[in-house]
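K.L.:
Just passing along the structure, written as structure tokens.
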Amino acid sequence: MSARVEFFFDLSSPWTCLAFHNLPGVLERFGAAAVYRPILVGGVFNAVNPAVYAAREQSDNRRLQHSWKVLKDWAQLAGVPMNFPSQYHPAKSVQAMRFATALEADQAALVRFARAAFASYFDRQENLDDPDVLEAVATAEGLDGAAIRAAASSDEVKARLRANTEQVVARGGYGSPTIFVDGTDMYFGNDQLPLVEAALKRQTQRTPR
């Protein structure tokens, strides 16, 4: 399978959690693979989408309030536990995304950790920014949680996470998840996965067998 899809993500986003769980089915139907790229969504918001913060402060924001209902509907449709929001919302995700970045070179391990970290935050309501929690999550997945924690504090990992974040902004991204098909075809969010699937289908139809 070729890695035709790039998935730029932050573990603190509930919509990213849903897209993360729904994407594999899309990929499987077209024999495609994905490369998962950790980012800091706060860094993206600061650079190109600061209006997100103002919207969160509006207690009478009908669109925001309705989005919680829609989120639960999507979660039920996907069969993904969504015990959210919790006392830690909105979560700081710097520690979690450094852990994820430390695993980026081993995509299978990154996917395992991300799936478990999503469950930790969105199901069990654990603190996504607590290194003790993150180490325990990694260890429970059979990974070396202590080693990942040590690597996550390295300058190399911090620089890689900044570079991923800067790259998604430079390529037009404005949040998490940002999904690219074949390098330049950009999509955003769980609800655009049908469009990702359509893009993969178009390319498959154009490719001679």
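The values are calculated or read from the model by the stated rules, or taken from the named source; none is laboratory data. If you're wondering where the values come from, they're calculated on a predicted model, not measured in any experiment. As a convention, Cβ positions derive from the backbone with ideal geometry for all residues, glycine included, and neighbour counts pool all protein chains shown. We work out accessible area using only protein heavy atoms, side chains counted, and drop any ligands, DNA or RNA first. Shrake-Rupley method; radii C 1.70, N 1.55, O 1.52, S 1.80 Å.
K.L.:
Looking for whichever is modelled with pLDDT of 90 or more and either among the aliphatic types (A, V, I, L, M) or open to solvent by 20 Å² or more (accessible area, probe 1.4 Å) (or both) here; the options are Arg37, Arg62. Which one fits?
P.N.:
Only one candidate passes the filter, namely Arg37.
K.L.:
Is there any pair linking a residue in the range 100-118 that is over 19 Å from Gly79 (Cα atoms) and hydroxyl-bearing (Ser, Thr, Tyr) to one that is open to solvent by less than 10 Å² (accessible area, probe 1.4 Å) and modelled with pLDDT of 95 or more, with Cβ under 6 Å and at least six apart or on different chains, and which?
P.N.:
Thr101/Pro38; Thr101/Leu161
K.L.:
Identify, by number, the condition in (1) open to solvent by 30 Å² or more (accessible area, probe 1.4 Å); (2) acidic (Asp, Glu); (3) modelled with pLDDT of 95 or more that Glu104 doesn't meet.
P.N.:
Just one mismatch for Glu104, condition (1).
K.L.:
What's the number of the only condition in (1) more than 23 Å from Tyr88 (Cα to Cα); (2) without any contact (Cβ under 8 Å) to a residue 40 or more places away in the chain that Asp191 fails to meet?
P.N.:
Here Asp191 clears every test but (2).
K.L.:
Within the range 1-30, can you find the residues that are touching a residue at least 40 places away in the same chain (Cβ under 8 Å) and either loosely packed, with under 14 Cβ neighbours inside 10 Å or of a type in the set (Ser, Thr, Tyr) (or both)?
P.N.:
Scanning the range 1-30 gives Ser12, Ser13, Thr16, Arg29.
K.L.:
Is it the case that some residue within the range 153-174 is touching a Leu at 6+ places or on another chain (Cβ under 9 Å), farther than 23 Å from Leu18 by Cβ and either surrounded by fewer than 20 Cβ atoms within 10 Å (Cβ to Cβ) or touching a residue at least 24 places away in the same chain (Cβ under 8 Å) (or both)?
P.N.:
Within the range 153-174 (the criterion being touching a Leu at 6+ places or on another chain (Cβ under 9 Å), farther than 23 Å from Leu18 by Cβ and either surrounded by fewer than 20 Cβ atoms within 10 Å (Cβ to Cβ) or touching a residue at least 24 places away in the same chain (Cβ under 8 Å) (or both)), the answer is yes, since at least one residue qualifies.
K.L.:
If you go through the range 133-148 one residue at a time, do you hit one that is under 30 Å from Lys201 (Cβ atoms), surrounded by fewer than 21 Cβ atoms within 10 Å (Cβ to Cβ) and charged (D, E, K, R)?
P.N.:
Checking the range 133-148: not a single residue is under 30 Å from Lys201 (Cβ atoms), surrounded by fewer than 21 Cβ atoms within 10 Å (Cβ to Cβ) and charged (D, E, K, R).
K.L.:
Select, from Gln203, Gln167, the only residue that is polar (S, T, N, Q), in a helix (DSSP H, G or I) and touching an Asp or Glu at 6+ places or on another chain (Cβ under 8 Å).
P.N.:
Gln203
K.L.:
Could you check the range 32-145 for helices (runs of 4 or more DSSP H) lying wholly inside it with 2 or more residues that are β-branched (Val, Ile, Thr)?
P.N.:
Output list reads 41-48, 94-102, 131-140.
Here's the yes/no breakdown for (1) among the aliphatic types (A, V, I, L, M); (2) closer than 15 Å to Arg98 by Cβ:
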site	(1), (2)
Leu134	yes, yes
Glu141	no, no
Ala147	yes, yes
Ala150	yes, yes
Glu166	no, no
Tyr174	no, no
Val181	yes, no
Phe188	no, no
Leu193	yes, no
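K.L.:
Separate question: Taking Gln76 as the residue in question, decide whether it is open to solvent by 60 Å² or more (accessible area, probe 1.4 Å) and at pLDDT 95 or above.
P.N.:
Considered against the rule, which asks whether it is open to solvent by 60 Å² or more (accessible area, probe 1.4 Å) and at pLDDT 95 or above, Gln76 comes out as yes.
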